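Taking it in order: structure first as structure tokens, then the write-up.
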Amino acid sequence: MKRIGNLFDAVCSWENLELAARKTRKRKRYKACAEDFELHRETILGALREKLLDGSWRPDPYRTFTIHDPKERLICAPSYGDRIVHHALCNIVAPVIERTFVDQSHSCRIGMGTGSARATCRRCVRRFRYALKLDVAKYFPSIDHSILKGKIRRLIKCAPTLALVDTVIDSWHDTEGSIAWFCDDDLLTPLDRRRGVPIGALTSQLFANLYLTRMDHVVIEQLRPAGYVRYTDDLLLFSDSKAFLHEARIRLLEEMARERLKPHPTKCRVHACWEGIPFLGFRYWPGTVRVLRENRMRFEKRMRRFQFRMHADRAVLGKIWPSMFGWFQFVREYGVNEGLVLAECRRHAF
């Protein structure tokens with residue numbers, strides 16, 4: 001594939017920065033950071049553009065916090081100005097990178113996303129007998145910086161743009177995850193290699209999609225399963241042959257090791273479709289779809305916590321309905337779960 005150059009002027013153009021600022025402001029216009037930016041919009045964008053052009057821009061420290069949804073995740077939120085730079089970079093670089101994506105990769109793409117991934121999964125569960133589910137252990141913290149930069153350099157040859165990409169990638173690396181050794185590593189290799197992209201940054205979603213694109217092409221062009229769908233690090237291969245899927249599992253684990261990734265210890269196995277395939281918050285059977293039990297239990301736990309807090313402070317009542325509404329909209333993606341919504345409304349009478 002031909003590499004693309006002369007992108008940096010487009011990244012730093014005033015029109016692109018204005019577009020990036022508008023995207024950054026979405027759903028944040030009433031926050032203090034957005035209001036402060038709008039008060040000095042022209043000055044801040046002008047200074048940001050000058051820093052990008054002379055190569056002196058450096059990202060601010062990330063604001064970090066931990067969520068449990070359900071497993072523990074470290075979220076790294078970039079500053080408002082850095083978000084503008086991330087949007088400006090992705091506006092120009094994303095179309096170049098997305099040329100390499102296969103149609104079966106659904107994560108964070110315009111016109112696709114979780115809805116199209118679930119629809120594809122449901123069609124395949126109805127048509128085929130078995131599914132191979134693969135999941136990467138701690139995917140975002142495990143992405144190797146050197147390998148990621150090499151993948152980007154095979155698509156882009158604009159030196160200033162690559163320098164900006166390197167600055168974004170090098171702005172964070174994982175220091176708390178478990179250390180893993182791979183083939184031909186010596187004792188200190190895992191400590192010498194920087195790894196990890198921050199969960200919470202726009203660029204991380206694009207880089208995470210790119211990182212497994214080579215495996216997508218291995219699946220589509222070499223293994224050729226009857227059905228395939230990927231959402232970030234969740235891969236599903238479908239076939240009527242269980243033996244084929246077991247062979248594909250061995251091959252893909254080898255490819256995963258080449259990318260310096262470890263499989264999830266319990267989520268990489270062959271399922272029979274009649275058992276139900278867990279994927280993106282639902283379990284899919286050939287005839288029906290149900291929300292995963294752990295998702296429902298987590299919602300009920302949150303509601304009980306709201307009830308306890310409401311008795312102590314009635315002001316928390318305003319937070320209850322948005323939380324319930326968001327979960328109900330998630331469940332109502334499939335009409336068969338409407339009864340679950342009605343049961344939860346009766347259960348949690350405030």
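The values are calculated or read from the model by the stated rules, or taken from the named source; none is laboratory data. What you see is a predicted model; the values in this text were computed from it and never measured. Please note: Cβ atoms are built from the backbone with ideal geometry, for glycine as well, and neighbour counts cover all protein chains shown. Surface areas here come from the heavy atoms of the whole protein model, side chains and all, with no ligands, DNA or RNA. Shrake-Rupley method; radii C 1.70, N 1.55, O 1.52, S 1.80 Å.
So the values come out like this:
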| read-out | value |
| --- | --- |
| Filtered residue count, segment 119-161, keeping only those that are open to solvent by less than 20 Å² (accessible area, probe 1.4 Å), closer than 25 Å to L261 by Cα and part of a helix (DSSP H, G or I) | 6 |
| Only listed residue being at pLDDT below 95, in contact with a His (Cβ under 9 Å, 6 or more places away or on another chain) and not aromatic (F, W, Y), chosen from R296, R304, R269, R290 | R304 |
| Residue in segment 225-239 that is of a type in the set (D, E, K, R) and either modelled with pLDDT of 95 or more or farther than 24 Å from D170 by Cα (or both) present | yes |
| Members of segment 257-315 found to be small (G, A, S) and closer than 30 Å to W181 by Cβ, listed by number | A257 |
| Segment 133-146 residues that are touching a residue at least 24 places away in the same chain (Cβ under 8 Å) and under 29 Å from G276 (Cα atoms), paired with ones that are part of a strand (DSSP E or B) and among the aromatic types (F, W, Y) (beta carbon under 8 Å, 6 or more apart) | K133/F279 |
| Subset of segment 18-36 [among the hydrophobic types (A, V, I, L, M, F, W, C) and open to solvent by less than 30 Å² (accessible area, probe 1.4 Å)] | A20, A21, A34 |
| Qualifying residue in segment 178-201 (condition: under 21 Å from I110 (Cβ atoms) and among the small types (G, A, S)) | yes |
| Strands (runs of 3 or more DSSP E) wholly inside segment 227-318 containing at least 3 residues that are open to solvent by less than 40 Å² (accessible area, probe 1.4 Å) and more than 30 Å from R193 (Cα to Cα) | 227-231, 234-239, 269-272, 277-279 |
| Conditions (1) within 20 Å of the chain's Cα centre (by Cα); (2) modelled with pLDDT under 75: number failed by F282 | (2) |
| Candidate set: segment 63-78, residues that are open to solvent by 30 Å² or more (accessible area, probe 1.4 Å) and outside any strand (DSSP E or B); chosen: the one nearest to D36 (Cα to Cα) | D69 |
| Members of segment 180-225 that are open to solvent by 60 Å² or more (accessible area, probe 1.4 Å) and assigned to a loop (DSSP other than H, G, I, E, B) | W181, C183, D184, D186, L187, L188, R193, R194, R224 |
| Condition check for V125: more than 20 Å from the chain's Cα centre (by Cα) and either among the aliphatic types (A, V, I, L, M) or within 25 Å of L235 (Cβ to Cβ) (or both) | yes |
| Output for segment 61-79, where each listed residue is of a type outside the set (A, V, I, L, M) and over 18 Å from V165 (Cα atoms) | R63, T64, F65, T66, H68, D69, P70, K71, E72, R73 |
| When residues of segment 41-60 are limited to those that are aliphatic (A, V, I, L, M) and open to solvent by less than 70 Å² (accessible area, probe 1.4 Å), the one farthest from P160 (Cα to Cα) | I44 |
| Identity of the residue in segment 1-17, open to solvent by less than 30 Å² (accessible area, probe 1.4 Å) and not hydroxyl-bearing (S, T, Y), that ends up modelled with the lowest pLDDT | G5 |
| Flag for D36 being assigned to a helix (DSSP H, G or I) and at pLDDT below 90 | yes |
| Residue that is closer than 17 Å to A201 by Cα and acidic (D, E), where the choices are D60, D9 | D60 |
| Test: residue in segment 101-111 that is in contact (Cβ under 8 Å) with a residue 24 or more places away in the chain, open to solvent by less than 10 Å² (accessible area, probe 1.4 Å), in contact with an Asp or Glu (Cβ under 7 Å, 6 or more places away or on another chain) and on the phi < 0 side of the Ramachandran plot | yes |
| Matching residues in segment 79-116 - criterion: being part of a loop (DSSP other than H, G, I, E, B) and either closer than 16 Å to Y211 by Cα or charged (D, E, K, R) (or both) | R99, T100, F101, V102, D103, Q104, H106, S107, C108, R109 |
